Amino acid sequence: MKDTLSFTSRILVAFASGALIAIYFLPAWRIDLFAPQYPEGLTMYIWINKLSGDVDIINGLNHYIGMKHISADMFPEFKFMSYVVAFFIALGLTAAITGKRKILLSYILLSLVGGLFVFYDLYKWGYEYGHNLDPKAAIQVPGLSYQPPVFGHKRLLNFDAYSFPDVAGWIVFGAVALASLVWLFEWYKHKRQGPKMTALLLIISTMLISCKTSSEPFVIGVDACQVCKMGIVDTKYGGELITKKGKLLKFDDIGCMIKHLKTNSSGSIISQALTMDYLKSNHFIPVDSAWFLISPDLKSPMNSHVAAFADLSSVQNHQTKYPGEILKWDALLSKPD
């Protein structure tokens, strides 16, 4: 029958719909705030029925500029969103069980309408939250509002605000995308009588995978140091820190990375510390396995005169060219400024 989904398509639609169950157990959206005094950032997680994260700290900061106290009461949608999610799960499973393309199309169109409503709702909440300020606030900047971004980045005073989907939000996007691809494939197959694309659809079903933050090569002219804010121009020096929340911090000089660790007392929130291998441009090695050479003849970007090497023989060979002191990471980190 022309209006019936293939068995493989039904399985994929059922998988996409069933994946929405995760929304009940994972946050759907997140708003992150970063500032010099909060290098690790403050995060507010938005679920379908509650808020979590650093909400109390954010409320304490916002009080000084006259913003309202953030609470679940600001989101009346929390009272019925769980039922909306259940409806979409049921509709998707109905499309999978019956195999009706029309039901699948209804599922996709309603999902798109629902997505537009969510973005509008976030914009409306953000507008009221950022513009309706207390005239008696301790800090007032005439003509300035504090509306957070709906999607992406925005600068708010000395804070960088980021608004993006969280795990459950990406699952929703992936489920709708997968259902849409299935419908397009079925439409094309019956409309054009083209060759089967089952193998392609099976590949598409692996779209919803988790990602792990890792080091990134320096991009000259684009990346800047977290501490000195200078553009990165030399890929023989510097390093990167990866926090436990997955944020990547870049430094053009090992001295800047050490200064950040000492100044912010952020050692407990760092999951991985990496340094650039002096002999391999744009190649990182763990600081614990690296050997460091301090020599006034090493012209690092911010004049810390420190370079890292992957093994002892390499650093000893370069010590003859650049006379200086050889240290391991712990000794370098504890060395007086």
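The values are calculated or read from the model by the stated rules, or taken from the named source; none is laboratory data. Just so it is clear, the model here is predicted, and its values are computed rather than measured. Note that each Cβ is placed from the backbone with ideal geometry, even for glycine, and that neighbours are counted across all protein chains shown.
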Helices (runs of 4 or more DSSP H) contained in segment 238-337 and holding at least 2 residues under 28 Å from PHE34 (Cα atoms): 254-264, 329-334
Could you say which residue among THR8, THR4 is farther than 18 Å from ILE269 by Cα, surrounded by 16 or more Cβ atoms within 10 Å (Cβ to Cβ) and of a type in the set (Ser, Thr, Tyr)? THR8
Look through LYS259, LYS229, LYS250, LYS245 and report the one residue that is basic (Lys, Arg), under 29 Å from ASP160 (Cα atoms) and touching an Asp or Glu at 6+ places or on another chain (Cβ under 6 Å). LYS250
Looking only at segment 301-317, and only at residues there that are surrounded by 21 or more Cβ atoms within 10 Å (Cβ to Cβ) and not β-branched (Val, Ile, Thr), the one that is modelled with the lowest pLDDT: PRO301
If I filter segment 33-40 for residues that are at pLDDT below 85 and on the phi > 0 side of the Ramachandran plot, do I get at least one hit? no
Per the list (1) surrounded by 13 or more Cβ atoms within 10 Å (Cβ to Cβ); (2) modelled with pLDDT under 85; (3) over 20 Å from the mean Cα position of the chain (by Cα), residue check on SER215 breaks on (3)
Residue hits (segment 24-76; small (Gly, Ala, Ser) and assigned to a loop (DSSP other than H, G, I, E, B)) are ALA28, GLY66, SER71
Just wondering, is there one or more residues in segment 96-112 that are among the aromatic types (Phe, Trp, Tyr) and in contact with a Lys or Arg (Cβ under 9 Å, 6 or more places away or on another chain)? no
Check segment 14-24 and report whether any residue there is at pLDDT 90 or above and over 26 Å from the mean Cα position of the chain (by Cα). yes
Please go through segment 243-292 and pick out each residue that is touching a helix residue (DSSP H, G or I) at 6+ places or on another chain (Cβ under 8 Å), small (Gly, Ala, Ser) and modelled with pLDDT under 90. SER266, GLY267
Tally, over segment 89-117, of residues that are crowded, with 18+ Cβ neighbours inside 10 Å and without any contact (Cβ under 8 Å) to a residue 40 or more places away in the chain: 1
Quick one: which residue in THR4, THR8 is of a type in the set (S, T, N, Q) and at pLDDT below 85? THR4
Return yes when LEU312 is over 35 Å from the mean Cα position of the chain (by Cα) and under 12 Å from TYR237 (Cβ atoms) and no when it is not. no
Kindly indicate whether any position in segment 27-34 is more than 24 Å from the chain's Cα centre (by Cα) and either under 18 Å from ASP121 (Cα atoms) or surrounded by fewer than 16 Cβ atoms within 10 Å (Cβ to Cβ) (or both). no
